[in-house]
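Data first, discussion second: the structure below is written as C-alpha cells.
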Amino acid sequence: MAYNSNSDTLRQHRERLLQIALAHAKAGGLNSLNRERIATEGKVSLGTVSNALGKRADMMNLVINAAQAEGVTLSY
C-alpha cells in the first residue's frame, strides 16, 4: 500500500522502523541493515520499509542521524 508522504500512518511506520533499524545498526553496524529483517520485525511489507525509510543511502543517513541524536557513534 502506498502512503501519502504526509500521512500519519507513514510517520508512525517511519518512527517504529527507524528504531528497529537503529537497534540493528547498534548491534551489528551499519552494514548489517537489512530491509527484509526490518520489515519482518516491524510486521510490515518490504515496500512499507522503502516508503518509510527511502533508498538504502537515505535509510543509513536516517539511522546515523538518530544515533547521533542519542550520542551514539556507529561502525560499519
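Here are the numbers for this structure:
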| item | result |
| --- | --- |
| Helices (runs of 4 or more DSSP H) (entirely within the chain) containing at least 3 residues that are polar (S, T, N, Q), within 12 Å of the chain's Cα centre (by Cα) and surrounded by 13 or more Cβ atoms within 10 Å (Cβ to Cβ) | 46-53 |
| Residue pairs meeting the criteria (Cβ under 6 Å; at least 6 apart or on separate chains; first without any contact (Cβ under 8 Å) to a residue 60 or more places away in the chain, in segment 51-76; second assigned to a loop (DSSP other than H, G, I, E, B)) | ASN51/TYR3; ALA67/LEU74; SER75/GLY29; TYR76/GLY29 |
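No value in this document is a laboratory result; all are computed from the given coordinates. Computed from a predicted model, the values in this text were never measured in an experiment. Ideal geometry is used to build each Cβ from the backbone, glycine not excepted, and the neighbour counts take in all protein chains shown.
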